[in-house]
Amino acid sequence: MLTTKARMLFNHLFSLQLFIIWALGTYGSWLTNAEEMLLPILLGFFLWILLIFVGCKTQKATSHSRFYWFGLLQLIVCWTIFPLFKSIRYGLYQWSFDDILYHLDKYLWFGKSLPEWAISLQSGWLSEFLSFCYFSFYFLIIGSALFFFFSRNSILTKNYFFGLMLMYFVGFLGYFSIPAAGPYAAFPSDFNYPVHFGSMTLFLTDLVDKGITGMDVFPSLHTGITLYIVGFFYFSGYRKIAYCLFPILIGLILATVYLHYHYGIDVIFGTLLALCVLYITCKNNKVEYGTHL
């Protein structure tokens, strides 16, 4: 069972990591004159201060019932500050690991990277379906976060948010250490993009173009977080929900390489990360919460 001290230590480390992203992103925005980052800079700093304040109150409180929403606040701060990775990449980084990841992926998958193998599967209806699956990632996080948020102060809710933030924490370390833009952005001559011109695919393409940071590829958090969420539902007893989400899970993992956003090695490490976090958060969970769902 995770101890209170371990959770507190992690919360401190995660808050520190978010501040470093904010500080470096603010500096990078100044260097690149990125005026569009003004909102994440100002709002992110305000929410980070609120996070620290609430964290201190939670630490001192004898009862945590007043602060059951701390994990949700962490998620909001995380998403608000995340766009600043773009300023870090283009303002402070002068290198990329795309070439290394691409060639390592070719070695792992018998001469072709996994996105290259996926090209043979391309079709109109599959592109539309997988684009929908990829887009559903954001709603999956929001939906599951709200689901466990309304569980209030239960151990289940604490474990869910701890695991989700741990996924982001380790994932962000990967972004800092191995910055890469992904196959379609780094190797446009090798990958046709977008893969299809259907309405859903083009909508997703436009959305990704606006949100891409240039360093958010390794590991694949789309893969890892989706697997973590579905796995957490399953191991916590909400197995009918997990079964319903399983097709989205498979479609989303396939979409990461099919749409040329990730290399196969990104997916592998995202999967391994999710399995490790599920072990940490669920190994002592008793299946008693949602057996009726």
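The values are calculated or read from the model by the stated rules, or taken from the named source; none is laboratory data. What you are looking at is a predicted structure, and each value in this text was computed from that prediction instead of being measured. Note that each Cβ is placed from the backbone with ideal geometry, even for glycine, and that neighbours are counted across all protein chains shown. Surface accessibility is based on the protein's heavy atoms, side chains included, excluding ligands, DNA and RNA. Shrake-Rupley method; radii C 1.70, N 1.55, O 1.52, S 1.80 Å.
Restricting the search to region 78-95, which residues are open to solvent by 50 Å² or more (accessible area, probe 1.4 Å) and of a type in the set (Ser, Thr, Tyr)?
Tyr90
Any residue at all in region 109-116 that's farther than 30 Å from Ser236 by Cα, more than 24 Å from the chain's Cα centre (by Cα) and assigned to a helix (DSSP H, G or I)?
Among the residues of region 109-116, not one is farther than 30 Å from Ser236 by Cα, more than 24 Å from the chain's Cα centre (by Cα) and assigned to a helix (DSSP H, G or I), which makes the answer no.
Name the single residue that is modelled with the lowest pLDDT among those in region 1-37 being in a loop (DSSP other than H, G, I, E, B) and aliphatic (A, V, I, L, M).
Met1
Among the listed residues Tyr261, Tyr238, which satisfies the condition of being of a type in the set (Phe, Trp, Tyr) and within 23 Å of Val195 (Cα to Cα)? First the steps, then the outcome.
On the way: Tyr238 fails: within 23 Å of Val195 (Cα to Cα).
Criteria check complete, one pass: Tyr261.
So if I check each of Thr213, Thr205, Thr201, which one is touching a Gly at 6+ places or on another chain (Cβ under 9 Å) and of a type in the set (S, T, N, Q)? Let's see the steps before the verdict.
Working: Thr213 fails: touching a Gly at 6+ places or on another chain (Cβ under 9 Å); Thr205 fails: touching a Gly at 6+ places or on another chain (Cβ under 9 Å).
Being touching a Gly at 6+ places or on another chain (Cβ under 9 Å) and of a type in the set (S, T, N, Q) holds for just one of Thr213, Thr205, Thr201, which is Thr201.
So for region 234-250 (the condition being under 15 Å from the mean Cα position of the chain (by Cα) and hydrophobic (A, V, I, L, M, F, W, C)), does at least one residue qualify?
The answer is yes, given that some residue of region 234-250 is under 15 Å from the mean Cα position of the chain (by Cα) and hydrophobic (A, V, I, L, M, F, W, C).
Across region 43-60, what is the number of residues that are open to solvent by 60 Å² or more (accessible area, probe 1.4 Å) and under 10 Å from Thr80 (Cα atoms)?
Within region 43-60, residues that are open to solvent by 60 Å² or more (accessible area, probe 1.4 Å) and under 10 Å from Thr80 (Cα atoms) number 2.
Yes/no per residue for (1) of a type in the set (S, T, N, Q); (2) surrounded by fewer than 19 Cβ atoms within 10 Å (Cβ to Cβ); (3) touching an Asp or Glu at 6+ places or on another chain (Cβ under 8 Å):
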{"site": "Tyr138", "(1), (2), (3)": "no, yes, no"}
{"site": "Ser144", "(1), (2), (3)": "yes, no, no"}
{"site": "Ser154", "(1), (2), (3)": "yes, yes, no"}
{"site": "Thr157", "(1), (2), (3)": "yes, no, no"}
{"site": "Gly163", "(1), (2), (3)": "no, no, no"}
{"site": "Phe172", "(1), (2), (3)": "no, no, no"}
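Just to be sure before I move on: is Phe129 in contact (Cβ under 8 Å) with a residue 12 or more places away in the chain, part of a helix (DSSP H, G or I) and out of contact with any helix residue (DSSP H, G or I) (no Cβ under 7 Å at 6 or more places or on another chain) in the structure I sent?
Answer is no for this residue.
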